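> This structure is in structure tokens; I'll ask about it shortly.
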């Protein structure tokens with residue numbers, strides 16, 4: 001990277017830093033409030049709901065799978081297992097959860 | 001743990017807010033983004049090592065920004081793109097605080113500099129803007145930026161280089 005790029009980057013960084021230090025008191029106050037709200041959320045629900053929710057989804061999936069499989073399984077041979085079926089069973093509307101799972105995957109990939 | 005997380009957030013909240021505001025051009029929504037990101041970090045990652053909070057927090061903020069754009073796109077498709085564009089442009093410039101009360105010449109000059117840079121950043125595609133802010137301002141490496149943006153190292157390099165070239169072209173004359 002040439003020196004002009006470096007000068008430009010330093011200049012931009014300085015301007016952006018200045019914009020933070022000159023932030024209005026009103027905005028800083030709102031950020032302060034937001035932080036306290038966030039920290040209070042942590043105290044209220046520090047126990048993550050995800051294991052419970054995951055357990056509930058897994059239990060529901062197993063129960064539904066048994067309902068689907070049981071009537072057509074008089075023989076002792078294991079029923080054919082359809083991944084698409086399972087995927088549909090555990091599918092939930094909560095896009096946030098998908099996003100989180102993707103995020104957890106990212107964490108595992110890069111920090112694990 | 002609580003105190004150190006409090007300190008971490010206190011140290012990073014203003015930069016995160018400016019980052020979000022630069023990304024979306026809307027003060028109140030930027031505040032919401034930062035608050036939501038802080039809540040997610042506290043709820044999900046408070047018990048992680050402190051050195052992981054930085055990358056995680058930026059990752060969450062960037063994800064929130066991307067979601068904001070997705071929601072905006074849906075709204076535009078529903079209500080009409082031209083109407084929303086006009087409203088957005090108006091609200092963007094109305095959100096700046098009036099610098100006259102607070103500052104003498106030097107800070108006013110600084111306000112003008114950031115105003116020029118913000119306008120130029122607003123002209124960039126979202127991903128280029130993200131790459132520029134994370135790499136140049138936050139000082140993240142290419143790999144860290146790729147993690148925060150959820151893309152490959154190569155994409156970060158491309159976005160960043162294009163952003164830098166565009167900004168230098170646009171700001172060439174006006175840059176202090």
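Values quoted throughout were computed directly from the atomic coordinates according to the rules given, and no laboratory measurement underlies them. A quick note: this is a predicted structure, and the numbers were derived from the prediction, not measured.
> Could you give P(r) for region B:33-80, binned at 5 Å from zero, as whole percent values over all Cα-Cα pairs?
Once binned at 5 Å, the Cα pair distances of region B:33-80 give 5, 22, 23, 17, 12, 9, 7, 4, 2, 0.
> Now for a different question. What would the Debye formula give as log10 I(q)/I(0) at q = 0.16, 0.17, 0.23 Å⁻¹ for the alpha-carbon point model of region B:114-176, no solvent?
One equal scatterer on each Cα of region B:114-176 leads to -0.47, -0.52, -0.87.
> At 25 °C and 0.890 mPa s, grab the translational diffusion coefficient of region A:1-44 from Stokes-Einstein with a Kirkwood Rh over Cα pairs, rounded to a whole number in µm² per second.
Numbers: Rh = 13.0 Å.
For these conditions, the coefficient is 189 µm²/s.
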